[in-house]
Amino acid sequence: MNDSVLVYYVLFPALIFLARMADVTLGTLRIIMVSRGLKNIAPMVGFFEVLIWLLAIRQIMMNLTEVSYFLAYAGGFAAGNYIGMWVEERLAMGHTIVRIITNKEVKPLLEQFRNRDIGVTCIFGQGAEGPVTVVFVIIKRKDLLEVIQLINQFNPQAFYSLEDVRRINEGIFPKKVSWLNFPSLSSLKTLRK
């Protein structure tokens, strides 16, 4: 197999696959950023998404009879969707509201949340089998696994649901530890703009 055949049938399809995978991954992240109101980052991601797409589609349009290019393009699209969702899950951008519905006494769970500086709101209601408590917490998505573990420790049969939050105004969230909060570095706070 000579070099030009290798480039045409192996390298170009691989590059098309990678380019399409990259642009769909960026597209998935861009859509999530738009839905979360990140209007400063989403346009930049969109710029690179379209630039990469143009490079991939140009190669296909120059070779409309090459089936391997179409397969690489379609495979890159599928892989890009998966990778985009995986990356977004790892980035855990934004906030989530967790609704917990339980018929158990919630005081131990509330204490766990409050010990971690997680704000809690409770509503008492009536379920199909009697009185229930609905507990609402709004957390950063990166803290979701910890909250789910607390719920499962409290009551493995508790019902909970999750919902993305686009914008929040005020609330109680765990305090960030900053190197500027240490007493010996407090003089540097005046240098911060």
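What follows draws every value from the coordinates through simple rules; no lab data is involved. Keep in mind it's a predicted model, so treat the numbers as computed, not measured. Because the Cβ atoms are built from the backbone with ideal geometry, glycine has one as well, and the counts that use them run over all protein chains shown.
Couple of notes before you dig in:
- Rounded to 10°, Cα long-axis angle of helix 12-35 versus longest principal axis of the chain: 30 degrees
- Reach of LYS104 by Cα under 19 Å, taken over aspartates and glutamates that are not fewer than 8 positions away in the same chain: GLU129
- For the range 101-159, the normalised intensity computed at q = 0.18, 0.21 Å⁻¹ comes to -0.60, -0.81 (log10 of I(q)/I(0), Debye sum over alpha carbons, equal scatterers, no solvent).
- Here the chain is assigned +1 on the Cβ of each Lys and Arg and -1 on the Cβ of each Asp and Glu. Its dipole about the Cα centre then comes out at about 920 debye.
- With the alpha-carbon atoms of the range 15-88 aligned to their principal axes, the span from lowest to highest coordinate is 42, 21, 15 Å, starting with the largest.
- Basic side chains Lys and Arg get +1 at the Cβ, acidic Asp and Glu get -1 at the Cβ, and with that the dipole of the range 1-81 about its Cα centre reaches some 380 debye.
- Only DSSP H runs of four or more residues enter the estimate; each adds -39500 (n - 2.57), and after division by the residues of the chain the mean residue ellipticity at 222 nm equals -16000 deg cm²/dmol.
- Once the convex hull of all Cα atoms in the chain is built, its volume per residue stands at 230 Å³.
- Zone of TYR82's modelled label, taken as backbone nitrogen in the range 9-23 under 17 Å from a point 7 Å along Cα→Cβ: 14, 17-23
- Length added when fully stretched, ILE31-THR65, from 0.36 nm per residue minus Cα-Cα: 9.0 nm
- Positive dipole terminus of the chain, leading residue within GLN149, ALA79, ILE60 (C-beta point charges): GLN149
- Compactness of the range 1-57 as Cα Rg over 2.2 N^0.38 Å, two decimals: 1.47
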